[in-house]
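Here's the structure we're looking at; comments come further down.
The values are calculated or read from the model by the stated rules, or taken from the named source; none is laboratory data. Here the structure is a predicted model, which is why all the values come from computation and not from measurement. Cβ coordinates were reconstructed from backbone atoms using ideal geometry, including for glycine residues, and neighbour counts include every protein chain displayed.
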């Protein structure tokens, strides 16, 4: 708990949909599906989230943590930002609600113990505390400033092993050009290969995109009412996924367990007998070179749940020329729970 947090104890959420944040259906389902496919294929590796806000996406990630794996979250929470620009972002949209105490209460409503928490700027992770080639999934949802996002991408690149996945938030929002610049710079200069685009997040790998794409397409997204399109650009192939029912019910909301025990698991998808934790390789394979191809069996859908960042967001209310007014930053509480999305 932060030494500066003197507020009353936060209310305990009954379901993950009660946790404020910006984590909508297409991304909840993409997270859950891709993580479950890794588990079904006996792929082991740690999980990392840079920018966690009040924990909605962290709750889902924690559901897919296997024995022997480590889940690390990094966020400023209620600490001061390291520079004036980041501080301005925090003051605009986060300062009044984002506390470590609130995150911990939300997470513990669904899991028996907390993840590893690094309270501070995500630049702290560049010190090597996240071992190279140790992660299978990294979610970047922290600063929107170009310099910060570019640094977060480098941390993720070093942390990911094999066909590990990176999910990058706000890669196309009008108020976050710094994110767009850093993401596409990584695609065209750092070898990051796009796999999936949703209205909110970019998914990519430094491994074999065909293997990850095979996992993605093993599910009948269109049959479930999602919009799935194929996109070709600059020699790249990826898919776009969207859920177009803004008034539909909130699905994939994890209920808080009636009783928790350290051995209990929040959810499972085709659970194999967990293998021993595989050690990180002693030497890194060249990025863009050969990586182990994941061959994964079919696995039923695992609905997921929420997240947000270490601190930024301007008050932007509506995209033009897309769908009707959607949530941006500083949304109302009702809007947070509706899972309102626009198309990609």
- Note on the structure: residue 168 fails exactly one of (1) part of a strand (DSSP E or B); (2) more than 30 Å from residue 244 (Cβ to Cβ); (3) touching a strand residue (DSSP E or B) at 6+ places or on another chain (Cβ under 7 Å), namely (2)
- Message: Checking the structure you have, find out if any residue of the range 169-177 is closer than 21 Å to residue 36 by Cβ and touching a helix residue (DSSP H, G or I) at 6+ places or on another chain (Cβ under 9 Å).
- Response: yes
- Residue match in the range 158-166 (condition: surrounded by fewer than 23 Cβ atoms within 10 Å (Cβ to Cβ), over 26 Å from residue 129 (Cβ atoms) and modelled with pLDDT of 95 or more): no
- Among the numbered conditions (1) under 18 Å from the mean Cα position of the chain (by Cα); (2) at pLDDT below 95, tell me where residue 80 comes up short. (1)
- Item | Exclusive hit being at pLDDT below 95 and either surrounded by 21 or more Cβ atoms within 10 Å (Cβ to Cβ) or assigned to a strand (DSSP E or B) (or both), set 182, 253 | 253
- the range 160-183 residues that are under 27 Å from residue 214 (Cα atoms), paired with ones that are assigned to a helix (DSSP H, G or I) and modelled with pLDDT under 95 (beta carbon under 6 Å, 6 or more apart): none
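Identify all residues within the range 202-220 that are part of a helix (DSSP H, G or I) and either out of contact with any strand residue (DSSP E or B) (no Cβ under 8 Å at 6 or more places or on another chain) or more than 10 Å from residue 192 (Cα to Cα) (or both); write none if there are none.
210, 211, 212, 213, 214, 215, 216, 217
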